[in-house]
Each structure stands twice: as C-alpha cells, then as structure tokens.
Amino acid sequence: MARLTASFWVQAYLTRLRLADIPAFVTSHGDDTAGAVLVKLNTLDRRAQALHRSYDLMSGLRSWVTLAEGDEADVDAAIAKQRSFDLDLWVIEVEDRDGRHLLDEPGLD
C-alpha cells in the first residue's frame, strides 16, 4: 500500500484541525519524507498527552496510542527524550481545552 509522506500527512492534519477551529503548531519539523509524527495534546490546564502512531504486525492496523500523559512538564520531558534519539521526529502541539485531537477520525490512522 502506498504511504503518504510525513510532510503531506502533517499538512493535511493541520488543515483538518484548522477547519475544526482547533489551534495546532509544528514545534519540531522532522524528515519530510519518512519522519515519525508525535502529537502533543495540551488542554491548557498544565496537563497534556503525547500520542504516537503504533503498528500492529498481526492485524496490519495502525492506531494512535498514548506515549505519555499527565503534568505538561512530564509530557514535555518524554517528548524531549524521544527527540534525543529520533532527530527525524515531527512534533505537533494541539491546544484544546476539550481534549480534541481528531486522531480518532477516519483517515488519520
């Protein structure tokens, strides 16, 4: 199956968020072609969640799973750790008090 480049996926995701009036920013620009993407959901109450895409080898399905959750400073530390060994990593920060990130919608897996 053909895969989208990382930069194309990121731009499509940012557009979908913008259409839903959910602010989001690229805080780390990864490799345009094959960089992994990590999404930080900031609920603007000093709490956050970091999500990354996981691939199930048995089923062939991709899904978004939580990498870290809790105090925003702890989530930022987990993201920094990921960045320390994956320089191609994209990080997108989504800011939404209601906790919306849209990653559970069709087409974003």
Problem - Accessible heavy-atom area order of Ser59, Ser54, Ser84, Ser28, highest first, probe of 1.4 Å - result: Ser84, Ser59, Ser54, Ser28
Completion exercise
Highest GNM mean-square fluctuation among Leu44, Leu19, Leu87, for the chain with Cα springs under 10 Å, belongs to Leu19
Handout entry: Candidate residues Trp64, Trp9: accessible-area rank, largest first, probe 1.4 Å
Key = Trp64, Trp9
Fill in the blank from the handout: Scoring only Lys, Arg, Asp and Glu (+1, +1, -1, -1) among other residues with Cβ under 14 Å from the Cβ of Asp98 yields -2
Completion exercise
Ordering Asp98, Asp56, Asp86 by the accessible surface of their heavy atoms, 1.4 Å probe, largest first, yields Asp98, Asp56, Asp86
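Quick check: at a probe of 1.4 Å, how many percent of the accessible area of the chain sits on carbon and sulfur atoms?
The nonpolar share, carbon plus sulfur, comes to 51 percent.
Per residue, how much accessible surface does the chain expose to a 1.4 Å probe? Answer in Å², no decimals.
62
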Completion exercise
Two pseudo-spin positions, 7 Å from Cα along C-beta at Val65 and at Asp98, lie apart in nanometres by 2.9
Problem - Where trypsin sites (Lys or Arg not before Pro) fall in DSSP loop in the range 1-48, at most 10 other Cβ within 10 Å - result: Arg3, Arg46
Handout entry: Under 13 Å, Cβ to Cβ, from Ala6 - net charge with Lys/Arg +1 and Asp/Glu -1
Key = -2
Practice task
List the residues of the range 36-61 whose backbone N lies under 20 Å from a point placed 7 Å from the Cα of Ala77 along the Cα-to-Cβ direction.
Solution key: 39-52
Completion exercise
Using alpha-carbon positions, the gyration tensor of the range 42-85 gives root eigenvalues a ≥ b ≥ c; with a/c under 1.5 called rounded, otherwise prolate if a/b exceeds b/c, else oblate, the class is oblate
Problem - Share, in percent, of DSSP beta bridges within the chain that are antiparallel, nearest 5 - result: 75
Exercise for the section: Sort all Cα-Cα distances of the chain into consecutive 5 angstrom bins from zero, then give the percent of pairs in each bin up to the one containing the longest distance. Expected result: 2, 12, 23, 26, 21, 12, 3, 1, 0
Handout entry: Neighbourhood charge, 11 Å Cβ-Cβ cut-off, centred on Leu51 and excluding it, Lys, Arg +1 and Asp, Glu -1
Key = 0
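The values are calculated or read from the model by the stated rules, or taken from the named source; none is laboratory data. On a predicted model such as this, the values are computed, not experimentally measured, just so you know. FYI the Cβ positions are ideal-geometry reconstructions off the backbone, even for glycines, and counts take in every protein chain you see. Keep in mind that these areas ignore ligands, DNA and RNA; they rest on the heavy atoms of the full protein, side chains included. Shrake-Rupley method; radii C 1.70, N 1.55, O 1.52, S 1.80 Å.
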